[in-house]
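Here's the structure we're looking at; comments come further down.
The values are calculated or read from the model by the stated rules, or taken from the named source; none is laboratory data. All values derive from a computational prediction rather than experimental measurement. Please note: Cβ atoms are built from the backbone with ideal geometry, for glycine as well, and neighbour counts cover all protein chains shown.
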Amino acid sequence: MNLINDIYNLYRDKFTGDEEDVAAVVMGLLHEQNKEEMLQWIHEMKENEIYQMLGFYLMEMLRVKLAEEGVGGMRPDSGMERYH
């Protein structure tokens with residue numbers, strides 16, 4: 001959670017409550033980091049934060065896959081943005 005608090009404190013004056021603000025900040029941060037720097041973030045996380053991160057990632061990627069395959073009536077063009 002320290003990483004989230006640091007990011008929030010750094011960008012708090014940029015956030016308007018819009019999800020697009022969050023996406024822009026996150027994508028900007030990730031774009032500025034290399035693999036080693038991102039792995040350092042992970043090494044500093046608590047175990048439950050790593051589970052959360054991977055859980056969100058796996059759920060989102062499965063949703064995208066289901067939409068791509070047309071499973072359950074989901075369509076790839078159903079408004080889902082793919083950030084990675």
Residues located in region 54-70, provided they are exposed (fewer than 11 other Cβ atoms within 10 Å of the Cβ), of a type outside the set (Asp, Glu) and modelled with pLDDT under 95: 70
Filter result (farther than 23 Å from residue 47 by Cα, in a loop (DSSP other than H, G, I, E, B) and in contact with a helix residue (DSSP H, G or I) (Cβ under 7 Å, 6 or more places away or on another chain)) within region 1-34: 14, 15
Every residue from region 12-44 that is in contact (Cβ under 8 Å) with a residue 24 or more places away in the chain and over 15 Å from the mean Cα position of the chain (by Cα): 44
